[in-house]
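Q: One structure is given below, represented as structure tokens, and several questions about it will come after.
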Amino acid sequence: MTVSSDLRLTRLPLNNGSGDMPALGFGTLIPEPGVTITATRDALQAGFRHVDCAERYGNEREVGEALRTGLAAAGIKREDIFVTTKLWNNNHRPARVEPAFEASLNRLGLEYLDLYLIHTPFAFQPADEQGQRDQNGNVIYDTGVTLLDTWRAMESLVDHGKCRAIGLSDITLSELSPIYESARIKPAVVEIESHPYLPETELLEFCKEKGIVFLAFAPLGHGMKPGLLEDPVVSAVAARVGKTPAQVLLSWAVQRGTAVLTTPKTSDRAKENFDISALPEDAFNEINRIQTRQRLNPVVKTGVGGFLTPAK
Ligand SMILES: NC(=O)c1ccc[n+]([C@@H]2O[C@H](COP(=O)([O-])OP(=O)(O)OC[C@H]3O[C@@H](n4cnc5c(N)ncnc54)[C@H](OP(=O)(O)O)[C@@H]3O)[C@@H](O)[C@H]2O)c1
């Protein structure tokens, strides 16, 4: 890990030698297509160089459009940004992985991806539509494919050179560990919910030991109120160090050695959320000592996203 004295420039090495990823990332889970475009451009302009996408979010085309115009406007080259997208649950069958990958690449208008993730470890019935349900409205799981089968197809994508690294999302340590052991190409990144109310310390330790980047989503607790942004410890630290609660939470995440995703939707928020700086050690430790425990997103248990519904 290159912890720069400027926290915004921290980069985390990938365990497959393909380079490193900026710790501070911009997430594109934004339901409105127009806001997706403006927010992505604003994020690039503010300094974000890591963009997290997913076929599930239904907006890869808009992100792609914003990247094309945003890179040109900011004078940035494709290789100066790190782009991730994710395979959704209906595409876990090995034969569906490469077509799903190519479709994402095409929508994003890119030649290669820096990182491709299995979005959740849950396989749904193979289908071109994402939201297949039975007559009772329940998700239809696919028992004819294992996570390792899907992982093998992900490894082939790296072999074919269109994707530099692969990883998993919404995964627990007990699911990650056997994949890590069996993998020919080891997971480079795991993307999971994490914040001071869900530090996932055991998983973080495993990742550090194996050189896997731990990428935290929901660092601001999805902005829920009451929640992390109003937590008394976080608010007190923010007042003391002259930063906002959002900046304190993002700094804490990078300082503990993780990458982190945030989704500012306006130019001012993009500047605010990029402008993080190291917390004094006592402040960092005060946040580590917060005792509240809360998981906000049920996706890790079912494969079904929570209240953050995509556009389609
Ligand atoms: N792998 C997965 O299953 C998964 C699941 C969820 C998310 N993700 C990824 O993680 C990214 C981030 O997740 P998230 O959006 O839930 O994270 P988050 O940053 O914890 O929450 C976003 C919320 O915080 C608010 N917010 C943002 N900046 C703020 C600031 N400076 N001050 C006050 N409030 C602020 C936003 O409000 P406004 O709406 O008012 O802007 C929004 O309600 C997503 O875009 C996506 O890429 C992945």
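The values are calculated or read from the model by the stated rules, or taken from the named source; none is laboratory data. The structure displayed is predicted, hence computed values, not measured ones. Reconstructed Cβ throughout: ideal geometry from the backbone, glycine too, with neighbour counts over all protein chains shown. Just so you know, the surface numbers come from the protein's heavy atoms only, side chains and all, with ligands and any DNA or RNA stripped out. Shrake-Rupley method; radii C 1.70, N 1.55, O 1.52, S 1.80 Å.
Q: Exactly one of (1) closer than 30 Å to THR146 by Cβ; (2) in contact (Cβ under 8 Å) with a residue 24 or more places away in the chain; (3) buried (at least 20 other Cβ atoms within 10 Å of the Cβ) is unmet by VAL234. Its number?
A: (1)
Q: Still on this structure: If a residue must be within 12 Å of the ligand (Cβ to nearest atom), part of a loop (DSSP other than H, G, I, E, B) and open to solvent by 40 Å² or more (accessible area, probe 1.4 Å), how many such residues does the stretch 28-59 contain?
A: 3
Q: Taking the stretch 222-236 only, how many residues are part of a helix (DSSP H, G or I) and more than 8 Å from the ligand (Cβ to nearest atom)?
A: Within the stretch 222-236, the subset part of a helix (DSSP H, G or I) is 222-223, 228-230, 232-236.
Checking which are more than 8 Å from the ligand (Cβ to nearest atom) leaves us with 230, 232-236.
Qualifying residue count, the stretch 222-236: 6.
Q: So, one more: If you go through the stretch 138-148 one residue at a time, do you hit one that is among the charged types (D, E, K, R), touching a helix residue (DSSP H, G or I) at 6+ places or on another chain (Cβ under 7 Å) and surrounded by fewer than 23 Cβ atoms within 10 Å (Cβ to Cβ)? Give the derivation first.
A: Of all residues in the stretch 138-148, those among the charged types (D, E, K, R) come to 142.
Filter once more, keeping what is touching a helix residue (DSSP H, G or I) at 6+ places or on another chain (Cβ under 7 Å): none.
Scanning the stretch 138-148 turns up no residue that is among the charged types (D, E, K, R), touching a helix residue (DSSP H, G or I) at 6+ places or on another chain (Cβ under 7 Å) and surrounded by fewer than 23 Cβ atoms within 10 Å (Cβ to Cβ).
Q: Check off (1) in a helix (DSSP H, G or I); (2) over 19 Å from the mean Cα position of the chain (by Cα); (3) closer than 23 Å to LYS301 by Cβ for TRP151 and give me the number that stays unchecked.
A: Single failed check for TRP151: (2).
The rows are residues; the columns are (1) within 16 Å of the chain's Cα centre (by Cα); (2) open to solvent by less than 50 Å² (accessible area, probe 1.4 Å).
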{"position": "TYR197", "(1), (2)": "no, yes"}
{"position": "LYS208", "(1), (2)": "no, no"}
{"position": "LEU279", "(1), (2)": "no, yes"}
{"position": "LEU296", "(1), (2)": "yes, yes"}
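Q: May I ask you to list pairs of residues, at least six apart or on different chains, whose Cβ atoms are under 6 Å apart, with the first in the stretch 69-88 being assigned to a loop (DSSP other than H, G, I, E, B) and the second being more than 13 Å from the ligand (Cβ to nearest atom) and open to solvent by 60 Å² or more (accessible area, probe 1.4 Å)?
A: Short answer, once both residue conditions are applied: ILE81/ARG49.
Q: A further question follows. Are any of the residues in the stretch 248-262 surrounded by fewer than 16 Cβ atoms within 10 Å (Cβ to Cβ) and away from the ligand (no atom under 11 Å from the Cβ)?
A: Checking the stretch 248-262: not a single residue is surrounded by fewer than 16 Cβ atoms within 10 Å (Cβ to Cβ) and away from the ligand (no atom under 11 Å from the Cβ).
Q: Something else about it: Looking for something β-branched (Val, Ile, Thr), without any contact (Cβ under 8 Å) to a residue 60 or more places away in the chain and within 16 Å of the ligand (Cβ to nearest atom) - is there at least one such residue anywhere in the stretch 136-148?
A: First, the residues of the stretch 136-148 that are β-branched (Val, Ile, Thr): 139-140, 143, 145-146.
Next cut, without any contact (Cβ under 8 Å) to a residue 60 or more places away in the chain only: 140, 143, 145-146.
Checking the rest, the ones that are also within 16 Å of the ligand (Cβ to nearest atom) come to none.
No, that holds for no residue.
Q: Go through ALA238, ALA216, ALA278 for me and flag whichever is modelled with pLDDT of 95 or more and under 26 Å from GLY167 (Cα atoms).
A: When all the criteria are applied, what remains is ALA216.
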